[in-house]
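Notes to accompany the following structure.
The values are calculated or read from the model by the stated rules, or taken from the named source; none is laboratory data. Computed from a predicted model, the values in this text were never measured in an experiment. No Cβ is skipped: glycine too gets one built from the backbone with ideal geometry, and neighbour counts run over all protein chains shown. The accessibility values were calculated without ligands, DNA or RNA, using every heavy atom of the protein model including side chains. Shrake-Rupley method; radii C 1.70, N 1.55, O 1.52, S 1.80 Å.
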Amino acid sequence: HVQLVESGGGSVLAGGSLRLSCAVSGYTDCRYDMSWYRQRPGKEREFVSKVDRDGDTNYAASVKGRFIISLDNAKNTAHLQMNGLKPEDTAMYYCQTNCRGTDFWGQGTQVTVS
């Protein structure tokens, strides 16, 4: 069983930074890709970034150059460092993984940029 618990959201001024964390239980036995998604009110959930088991990364064009995704294998925790935040980054941020054909999602953490 895989469980994801997110933290690190908050409210910041435009141009500020936040670091999101996603603690993963069971990841040591099911080390698949880890992804971050976000969802704004009235909008569909959208892809933000992904890191695979080897550390290779992908980013949505809207965040590339500002956000950095990483995976701490020792702590089984994924991170999303968000720099140069903009009001349009305001959303609920979710981490996600797929283990043995099943998608698992965190509870989400709110990021508000004003």
Which residues, counting only those in the stretch 61-77, are touching a Ser or Thr at 6+ places or on another chain (Cβ under 7 Å) and at negative phi?
-> V63, F67, I69, T77
Every residue from the stretch 16-47 that is open to solvent by 50 Å² or more (accessible area, probe 1.4 Å), at pLDDT 95 or above and under 12 Å from the mean Cα position of the chain (by Cα) = R19, Y37, Q39, E46, F47
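Out of all the residues in the stretch 3-10, is one or more among the charged types (D, E, K, R) and in contact with a Cys (Cβ under 8 Å, 6 or more places away or on another chain)? Don't jump to the end; show me each part of the working.
Residues of the stretch 3-10 that are among the charged types (D, E, K, R), as a first pass: 6.
Checking which are in contact with a Cys (Cβ under 8 Å, 6 or more places away or on another chain) leaves us with 6.
Scanning the stretch 3-10, I find at least one residue that is among the charged types (D, E, K, R) and in contact with a Cys (Cβ under 8 Å, 6 or more places away or on another chain), so the answer is yes.
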Filter the stretch 65-79 down to the residues that are at pLDDT 85 or above and over 11 Å from M34 (Cβ atoms), then identify the one that is farthest from the chain's Cα centre (by Cα).
-> G65
Scanning the stretch 84-104 residue by residue, the ones that are under 14 Å from P41 (Cβ atoms) and crowded, with 21+ Cβ neighbours inside 10 Å total 3
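Scan the stretch 48-83 for residues that are aliphatic (A, V, I, L, M) and exposed (fewer than 15 other Cβ atoms within 10 Å of the Cβ) and jot them down.
If we filter the stretch 48-83 for residues that are aliphatic (A, V, I, L, M), which is where we start, we get 48, 51, 60-61, 63, 68-69, 71, 74, 78, 80, 82.
Within the stretch 48-83, A61, A74 qualify.
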